[in-house]
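Visitor: Quick one: this structure, given as structure tokens, is what I'll be asking you about.
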Amino acid sequence: MTLTKPDLQDYLQLFSQYGGDLGELYRAPDDERYALLFEQVMRLLVRPSLFNLRLPDTFRTAARRYQDGHQSTVASLRQPANRHFLLCELHDWIMLKGGLSARRDAAQSDAS
């Protein structure tokens, strides 16, 4: 088992498939556009990695409970607004803890 994946780049790549800035996702309509993103993020969060261990435990706990079928967690996360809020919070945290810097570095490399 490797503790190197998922890492920051895995999350950034996943989020970028949905248009880059998800910081305002919690304001998105209560529809299913981000349901696949949510499922993919939940699968990443439950994987053991050094990056995931640095995430706030609330994200990892919610993902574990969701994956394990914990009744109240599943019921709560069936609501698109709750899924959007979780995704938005995770996105913001990732951006603050290295995502912005990684994007800036990538943009500078592309410009060179």
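Visitor: Within the range 58-65, is even one residue outside any helix (DSSP H, G or I) and either at pLDDT 85 or above or under 23 Å from Met95 (Cα atoms) (or both)?
Guide: No, the range 58-65 contains no residue that is outside any helix (DSSP H, G or I) and either at pLDDT 85 or above or under 23 Å from Met95 (Cα atoms) (or both).
Visitor: Search the range 29-70 for residues being among the small types (Gly, Ala, Ser) and surrounded by 14 or more Cβ atoms within 10 Å (Cβ to Cβ), and hand back the single one that is farthest from Arg83 (Cα to Cα).
Guide: The residue in question is Ser49.
Visitor: Which condition number does Leu44 fail, the rest of (1) modelled with pLDDT under 95; (2) closer than 17 Å to Cys88 by Cα being met?
Guide: That leaves (1) as the condition not met.
Visitor: Against the conditions (1) surrounded by 10 or more Cβ atoms within 10 Å (Cβ to Cβ); (2) at pLDDT 90 or above; (3) not polar (S, T, N, Q), where does His84 fall short? Just the number, please.
Guide: In the conditions (1) surrounded by 10 or more Cβ atoms within 10 Å (Cβ to Cβ); (2) at pLDDT 90 or above; (3) not polar (S, T, N, Q), His84 misses (2) alone.
The values are calculated or read from the model by the stated rules, or taken from the named source; none is laboratory data. This is a predicted model, so every value here is computed, not measured. Don't worry about glycine lacking a Cβ; one is built from the backbone with ideal geometry, like all the others, and counts go over all protein chains shown.
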